[in-house]
1. Going through A:GLY52, A:GLY46, A:GLY87, A:GLY82 one at a time, which residue ends up being of a type outside the set (Asp, Glu) and over 16 Å from the mean Cα position of the chain (by Cα)?
2. Cβ-Cβ under 6 Å, sequence separation 6+ or interchain: first residue in the range B:97-108 and in the same structural domain as B:LEU129 (by TED's automatic domain parsing), partner surrounded by fewer than 24 Cβ atoms within 10 Å (Cβ to Cβ) and among the hydroxyl-bearing types (Ser, Thr, Tyr). Which pairs?
3. Among the residues of the range A:120-161, how many are among the β-branched types (Val, Ile, Thr), away from chain B (no Cβ under 12 Å) and in contact with a Lys or Arg (Cβ under 8 Å, 6 or more places away or on another chain)?
4. Please go through the range A:323-350 and give me each residue that is touching a residue at least 40 places away in the same chain (Cβ under 8 Å) and within 28 Å of A:MET298 (Cα to Cα), ordered by number.
5. In the range B:82-119, which residue that is more than 9 Å from every other protein chain (Cβ to nearest Cβ) and basic (Lys, Arg) is nearest to B:PRO260 (Cα to Cα)?
6. Please name all residue pairs, on different chains or six or more residues apart, with Cβ atoms under 6 Å, provided the first residue is in the range A:256-271 and is without any contact (Cβ under 8 Å) to a residue 12 or more places away in the chain and the second residue is part of a loop (DSSP other than H, G, I, E, B) and surrounded by 19 or more Cβ atoms within 10 Å (Cβ to Cβ).
7. Can you list the helices (runs of 4 or more DSSP H) lying wholly within the range B:264-365 that have 2 or more residues being within 14 Å of another protein chain (Cβ to nearest Cβ) and of a type in the set (Ser, Thr, Tyr)?
8. Quick check, is B:TYR11 of a type in the set (Phe, Trp, Tyr) and surrounded by fewer than 24 Cβ atoms within 10 Å (Cβ to Cβ)?
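The values are calculated or read from the model by the stated rules, or taken from the named source; none is laboratory data. Remember, it's a predicted structure, so these values are computed and weren't measured experimentally. Heads up, the Cβs are rebuilt from the backbone with ideal geometry, glycines too, and the neighbour counts pull from every protein chain shown.
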Number of protein chains: 2
Amino acid sequence: MINYNSEYLKYFAAQIFIRMGCPEEQAWNAADCLNQADLRGIDSHGVARLSGYVRLWELKRLNAVPQMSIIHETPGTALLDGDRGLGLVTAPHAMRIAIEKAKFAGTGWVAVQNSNHYGIAGYHAMMALEHDMIGISMTNASPLVAPTFSKSRFLGTNPIAVAFPSLLQPPLVIDMATTTVANGKLEVLQREGKDAPLGWTQDKDGNQTTDAYSLKKGGSMLPLGGDREHGGHKGYCLGAMVDIFSSVLSGANYGPWVPPFVSFLEPPSTQVGKGIGHFLGAIRIDAFRPATEFKENMDNWIQTFRNAEPSVGQERVLIPGDPERELTVERLKNGIPLHEQVVTDLKKLGNSFGLEFDDKPEIIN
Amino acid sequence: MINYNSEYLKYFAAQIFIRMGCPEEQAWNAADCLNQADLRGIDSHGVARLSGYVRLWELKRLNAVPQMSIIHETPGTALLDGDRGLGLVTAPHAMRIAIEKAKFAGTGWVAVQNSNHYGIAGYHAMMALEHDMIGISMTNASPLVAPTFSKSRFLGTNPIAVAFPSLLQPPLVIDMATTTVANGKLEVLQREGKDAPLGWTQDKDGNQTTDAYSLKKGGSMLPLGGDREHGGHKGYCLGAMVDIFSSVLSGANYGPWVPPFVSFLEPPSTQVGKGIGHFLGAIRIDAFRPATEFKENMDNWIQTFRNAEPSVGQERVLIPGDPERELTVERLKNGIPLHEQVVTDLKKLGNSFGLEFDDKPEIIN
């Protein structure tokens, strides 16, 4: 692991997107989204994923110059056609529309069809904060998760993000997959040669397993909660809800028809909609009560929960968003740690676009 | 257990509410909400809870003749003061406002302050279905749940319900507490003298436990997921989200300040808002795409997931709402089974209002 300057990685990603043909503003927007993932510690959704987007573009499964268009709208809603653009571009665009709608109607909601992987859900939700709005963001994703009682991979990790503004405290930011764990945690166990806890995955027959490789052997991830006894059917409900808002409401592909992010897997031969889908929302606080009153109460909520009594053996109680915020401070200072294979991948990527990936960028600040 | 005619139980509940002074229409609305809980098998929220509402009214913690008023509104939102009314009355009222707002703005959202326990979350969400809208409903509740890493009871079971219309298939209805299990399941284990699975509750120090009585001994319920390793922090996020939407956005009591439903517990001595809070939403399908297209896709979604391959040892894969719908058919035919102590309670309640609870009402249809 070498640490890289966060600003440099953002610059590099933007240059790659520009060389793909993305309009400059969109390229920087997309690069910022990857960069925020790296800063917040969601390494799987940061610059490590850059070459994945490029490969989809090379296969013409992704359009670098999308003509995004509003298909239908009301005072508070819109349906956006993403024209096969980067989700890193279509989702922020949709969120800006939602924010504008909310200024008039109180809330704004935009469903997006014909899009691609949109990075971390939290990025788009957080766009609402500076407008004194609550931001909501969800997307469906390639099917890896089985419904309760089933062994069919029919749902993605289908994340939900919600960002609430506060006054003096940092905002409360929820950003969670609707599965027990993310795939990245299984990969950590594989590297360490360890077993997985029960409730994370099941084998190809739908049996409980502790095999950290179960997913690679045809098994599936479990919805939040794990098995039925531990409330896994509720995680299944959440995953279903995200799938329907993102893609049945928008006219994108849902369930087993969601096209894969990885370029070596072909999209399903039949389609039930266009691309993948997102659902973005902005809720103006003062459409309900004065923003300052709300934000003062949020501060009190946050301080109260932070001062909850820790369980025996625990040091402190966290607020949603705390770990990511603390890591951001640390990584802005010390840089983003990248695996050797990610560095190799970025160098190769740079070469193919006539851009040198600087091996030892000055470490910052 | 004796089975009672569902229509009779609804009639009885309505008569009690009318004798409390509720306007006739509101009384029937509230009775219908309890009745739907009984039909759907959520026995803890049905007629068994009737005397609980009455006791709160006797203590003047609940107002039978609320003057509900809109404090603030925009084209797509409203803040409703429930004037300490039954949540069984304020929430349907709020949902009707949300539906009207959605007709113009595309979506409608109503936050409710100064309310009380609102029965099953799903009832209010399902009100949107006949308008070709998606319904959303959430409420906070008396604190019984500990945030991750904490032993403080700071959150309620804070349910979320979402109802999606479909065409020929039954609607897809999600109605879930954001905890691993409901309290009722612990009571079943207590009656049977059995232990609880790990991940349901923790003891008063915040340790894992299988003691089915842990909650009664000062322990707490766990958010969906259970401990941190199994994603319990995500359940904590969901519970927090419901608390904030329901009560920070509306100006009701949040977190540890939520007043208890049970009359033998005093409300907290300090208040940070008014009563308990709800958040209701209606999303008009054709604010995004033609309702028939959406509903056809919903039918396909439902059929696809119902035909998912069952795990070894499982017979079939369920759709959210299936178990409740099937039970409704059965209970409409065979009646609602009531525990002996519930019957005794209802007889006593009837007597105190000069109304005889008929012990052997003609069993129906």
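1. Answer to the selection: A:GLY82.
2. B:GLY106/A:THR74
3. Count: 1.
4. Hits for the range A:323-350 are A:PRO323, A:GLU324, A:ARG325, A:LEU327, A:THR328, A:ARG331, A:LEU332.
5. B:ARG84
6. none
7. B:291-306
8. yes
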